[in-house]
Amino acid sequence: MPDSIKDKLDETLKRVKGLGAALAGPRHVLGVDVGSYAVKVALIIDEGGGPALKAWGYLPLTAKAEASPEERKTQTVNALRAFLIEKGIKVKEAVTSLSGNSVIVRYVKFPRLTKSELSATLATEAEPFIPFDINEVQLGFHILDDIVEDGLKKMETVLVAAKKDLVASRLEVLQGAGLNPTIIDVDSFALENIHERAREPKALAGATLYLNIGHMVTNLSIVENGVTRVVRDIFISGNTLTKAVMKGLQVDAAKAEELKKSLGIIVDSADKEKALAEGNRELLGVSQAVTAVIKDLVAEVHRSVDFYLSQGPERAIARIVLAGGTAPLKNLAKHLGAELKVPVSVLEPFAFLKNPPADLPAVLAPSFAVAAGLALRRNRDWI
Ligand SMILES: Nc1ncnc2c1ncn2[C@@H]1O[C@H](COP(=O)(O)OP(=O)(O)OP(=O)(O)O)[C@@H](O)[C@H]1O
Ligand SMILES: [Mg+2]
């Protein structure tokens, strides 16, 4: 990787966690969420009358399962480039984010240091907490709080480590499409930006657990008083659901995907009786396959909630918010609400806009959660 890019990356990853909600500055950024199922792009511009969604793109990636990483990358670059040309988008600054196996987020208590002191010793301080070779990762940090523990002055810090090859590959995609990547964030931290702009301040009281259920990964995060306190990736997601439907109903991937999207979960006993009476094998089969996978997801959510509750007194999860392409799965929110005994809703990532986009199909909106959060970054975050 050229040094200039590396320097820039070190800088950008240091800012991997937003440094305050800086909304000033006229310079706009494209939020580019490169998922494994679809690329989501959002451009939010404030022209005086409040923020507006100036452009959006939902670019499905149709590469075959056996396509090589290089082929996928080429497809992504081409889709992105074609979209930018078609929409005549001139904004070049792009913000993107990562999650999954090659990214680690750790909450660590370090002895109290200044920011520059920590920068200078970051690799040494971080090494014990990072399960990767420290030479193979880009590190970033954000200082959350000064605390006193056992009489010692400490600071609570979020550490982020991303494998360099993943970072380089993402940079190549954006640069290949003619964009200038300025910040690399973490998917869950992008959601925090949306959380802060939720319409009802009252709705923010108590902790919110986000489940961004994508195709290959579900990003779980818990936001308390505007600050993300738990971040974890779980590998039970849309793809797992499709595979379970394929197996349960003995259908191919395309058919399973279609059935999953159109049928979802049966939650009412009356609906179940009706399906049984009608011998609706597809509905019963999809519901059963999906419910079994969701049971595993629920167990993982319980683990994270228990961990969070064990971290301090008077903690409670007030609500769960679903995001990502899988969030609109029929009856998923209702089913999770009953299983987890907490109100569960589906995120509307553009609800904070004065005029929610009329041309964006409602069923696609939750998959824009990360892209919308990224598009809300402004130049003060990275200068
Ligand atoms: N209406 C729907 N009902 C249920 N599932 C859906 C629906 N629409 C899309 N999905 C599923 O959502 C998933 C894609 O979600 P999303 O766009 O959030 O993933 P991604 O960001 O591309 O992937 P990842 O971040 O995991 O790499 C796919 O598994 C797809 O089948
Ligand atoms: Mg995603």
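Restricting attention to the stretch 22-77 and to residues that are among the β-branched types (V, I, T) and within 14 Å of ligand 1 (Cβ to nearest atom), the residue that is farthest from P361 (Cα to Cα) turns out to be T76. Just to verify a result, which residue in the stretch 120-161, among those that are of a type in the set (F, W, Y) and either in contact (Cβ under 8 Å) with a residue 40 or more places away in the chain or under 22 Å from T228 (Cα atoms) (or both), is surrounded by the fewest Cβ atoms within 10 Å (Cβ to Cβ)? Among them, the one singled out is F129.
Scanning the stretch 227-247 for residues that are away from ligand 2 (no atom under 16 Å from the Cβ), touching a helix residue (DSSP H, G or I) at 6+ places or on another chain (Cβ under 6 Å) and either touching a residue at least 12 places away in the same chain (Cβ under 8 Å) or not hydrophobic (A, V, I, L, M, F, W, C) (or both) gives T228, V230, A244, V245. Outside the structural domain of S188 (by TED's automatic domain parsing), within 16 Å of ligand 2 (Cβ to nearest atom) and not small (G, A, S) - does that describe any residue in the stretch 290-305? Yes, that holds for at least one residue.
Only one entry of L329, L360, L322 meets the criterion of being within 16 Å of ligand 2 (Cβ to nearest atom), more than 26 Å from E224 (Cα to Cα), in contact (Cβ under 8 Å) with a residue 24 or more places away in the chain and not hydroxyl-bearing (S, T, Y), and that entry is L329.
Taken over the stretch 79-94, residues that are touching a residue at least 12 places away in the same chain (Cβ under 8 Å) and in a helix (DSSP H, G or I) amount to 6. When the residues of the stretch 95-124 are filtered to those that are in a strand (DSSP E or B) and farther than 17 Å from S221 by Cα, the one that is farthest from the chain's Cα centre (by Cα) is P111.
Just one of the listed residues (V305, V342, V370) is in contact with a strand residue (DSSP E or B) (Cβ under 7 Å, 6 or more places away or on another chain), outside any helix (DSSP H, G or I) and under 21 Å from E224 (Cβ atoms), and it is V342. Can you confirm whether the stretch 127-147 contains a residue that is among the aromatic types (F, W, Y) and within 16 Å of ligand 1 (Cβ to nearest atom)? No; the residues of the stretch 127-147 include none that is among the aromatic types (F, W, Y) and within 16 Å of ligand 1 (Cβ to nearest atom).
The values are calculated or read from the model by the stated rules, or taken from the named source; none is laboratory data. Because the structure is a prediction, the values reported are computed rather than measured. Quick reminder, even Gly has a Cβ in these numbers, built from the backbone with ideal geometry, and neighbours come from all protein chains shown.
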